[in-house]
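Structure record follows, encoded as structure tokens.
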Amino acid sequence: MVVGSVFLLISSDYMDYTTVETEASRKMESEKIRIIAEDGVELLGTRFPGGDRVALLFPALGVVRTYYDSFCRFLQARGWTVVSIDYRGIGGS
């Protein structure tokens, strides 16, 4: 549901987020996080703190979460806290 809200946000406030990344946006705060699944598998992610609204970003299958860092910073700059993860066996997970 949250991902649907993110797409709705982008369609109502359309902007090419790839052109938004600047030196200042690259310096925005982010932190690596670890999520331990019930079966003990460790999933790695990134948290981009930005505000009270939260978006969970689940990348396309077979794509590492860092591919979407520019998009996450785009949302972060507009007051969203974004959490992205790598699926099991992808990227850092």
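Just to be sure I understand the filter: pairs with C-beta atoms under 8 Å, separated by 6 or more residues or on different chains, first member in the stretch 67-93 and farther than 12 Å from Arg47 by Cα, second member among the acidic types (Asp, Glu). Which pairs pass?
Ser70/Glu21; Phe74/Glu21; Arg78/Asp13; Gly79/Asp52; Gly92/Asp86; Ser93/Glu42; Ser93/Asp86
Tally the residues that are under 8 Å from the mean Cα position of the chain (by Cα) and within 16 Å of Arg88 (Cβ to Cβ), restricting the search to the stretch 40-76.
So the answer is 2.
Can you tell me how many residues in the stretch 57-93 are surrounded by 15 or more Cβ atoms within 10 Å (Cβ to Cβ) and outside any loop (DSSP other than H, G, I, E, B)?
18
Where a number appears in this text, it was derived from the coordinates with a stated rule and is not lab data. Model, not experiment: these values are computed from the prediction. As a convention, Cβ positions derive from the backbone with ideal geometry for all residues, glycine included, and neighbour counts pool all protein chains shown.
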